[in-house]
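Working notes, structure below.
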Amino acid sequence: MEIQLIVAIIAGAVALLSAAGTVATSVWNASRTNANGLAIRKLEFENEQRKVAEVMRRETAALTEPLARSANDLQSRLFNILRGGALNFISHGNERERSYMIDNTAFSHCPIPLLD
């Protein structure tokens, strides 16, 4: 009977080790699955951020060139008004010069008392 008892103890120990190995493997697989899930969510978030950044870049690019042109045009008009003698053409110039200055400066959209 002693041999049967030893065999039973060894079989029980092997069963316990096998169960412990199964639990350890399950825990390890669960942690890997969780890590993979976190990595997938992180990649999805980063991809969404890239999409938002691309949309913003496209929208900004669509406005950048017209804005730069408008700023340059405004600078040119202000220079002509302040330093180029545009006010002299409007107040003292002939009809052709006045018409040109009114049509080609910021005065074209707002009334000026000098023109009355």
Directionally averaged projected area (convex hull, Cα atoms, region 2-64), nm²: 3.9 nm²
Residues with amide H under 5 Å from that of G85, placed H, sequence gap 5 or more: none
HN-Hα J in Hz across region 34-43 - Karplus 6.51, -1.76, 1.60, θ = phi - 60°, x for Gly and Pro: 5, 5, 5, x, 5, 5, 5, 5, 5, 5
The chain: most fluctuating residue of R58, R77, R32 per GNM, C-alpha cutoff 10 Å: R32
The chain: relative contact order in percent, alpha carbon pairs under 8 Å with at least 6 residues between: 14 percent
For the chain, convex hull volume per residue from C-alpha positions, Å³: 125 Å³
Extended-chain gain in nm, criterion 0.36 nm per residue less alpha-carbon gap, V7 and K42: 7.4 nm
Helix-only CD estimate at 222 nm, as mean residue ellipticity for the chain, using -39500 (n - 2.57) per DSSP H run (n ≥ 4): -30500 deg cm²/dmol
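Any read-out appearing in this document is the output of simple, stated calculations on the displayed coordinates, not a laboratory observation. Remember, predicted model here, so these are calculated numbers, not experimental data.
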